[in-house]
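Structure, as structure tokens:
Read-outs: derived from the displayed coordinates by stated rules, not from any lab. Worth saying up front: this structure is predicted, and the values here are computed from it rather than measured. Ideal geometry is used to build each Cβ from the backbone, glycine not excepted, and the neighbour counts take in all protein chains shown.
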Amino acid sequence: MDKDKRTLLKVGITIVISIIILLWGVAFLKDLKFGVETNDLTVYFMDVNGLKEGDPVSVNGVTKGKITKIELAPGDSVRVDFALSKEVTLRKDYNVSVAMIELMSGKQIYIKPGTSKELADISKPLVGAKTNDIVGLIGTMNEVGEDVKIIAKKLDTAMTKMTVTIENVNSLVGDDGLKSNIKGAASNFNLASRNLNLMLTDTRINVNSLTQKLNNIALNVDNTVSDTKPEIKETFKDIRTLTTRLDSLTINLNNFVTGANDSNSTVGKLLTEDEMYNNINTALLNINKLVKKIEKDGIRLRLF
């Protein structure tokens, strides 16, 4: 009986150890860490591109959480709920994207916490960035391949047109009449160039002659000015003397006008006093009478 109990005890211990090992293996494979505090966050993506519940959440390549729920949200967006370790601090310039780190690995949420001094508000849903992984790169390459095909088709069309153009040019160049015309045009151009050179030579000679004449005229003018410089100086001296005399005459006229305006001066009295004019008029009348009397009666002289 005791032997059976010991056997059952051994079996029970083996089962418990097996369960512990199994749970530890599952936790190891799922990258779960017991006793780690986490924050429940939400992020919205336009496309998760193969992301699944249970996929890891890595911060700068280090696993710090896992995805708990994925559902389609209104407005053609995808809501992803995930748990993130509290030791991770998200800044305002964070970046959250869906990425595939290796070609054969699964998808995951890849977080760059950011370097801003301001903290992100994790109480509100986060905004996911556009997916940039290998699958997206392959899709982009496919789109580029389609564009390359269109460009190649256009290049083929352009090459065809260019071939036709070259054939037309060859046909024109091979035309004997065109060659003759080109040779004639070149000959005429050479003749015109020679005539132009001759004309420029003649013009240069005439310009040199004109320049020489202008130099002679300038020299003559300079000599004339030099020869007449003493007379010009004497003329300016006479003009200064005349100006001085005119200034003196002007001063005398001003004095005369000033004296005429003064009623106390002789000139002023002559111009302003009526009594003097009356006396002069009376004297002139008496003289006229005396002259008439002499003409009529003659002059009688009494010597003694």
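If I ask for residues that are under 14 Å from LYS107 (Cα atoms) and in contact with a Lys or Arg (Cβ under 8 Å, 6 or more places away or on another chain), which ones from region 46-58 would you list?
Scanning region 46-58 gives VAL48, ASN49, GLY50, LEU51, LYS52, GLU53, GLY54, ASP55, PRO56, VAL57, SER58.
Which ranges mark the strands (runs of 3 or more DSSP E) fully within region 38-100 that have 1 or more residues being basic (Lys, Arg) and surrounded by 15 or more Cβ atoms within 10 Å (Cβ to Cβ)?
62-73, 77-85
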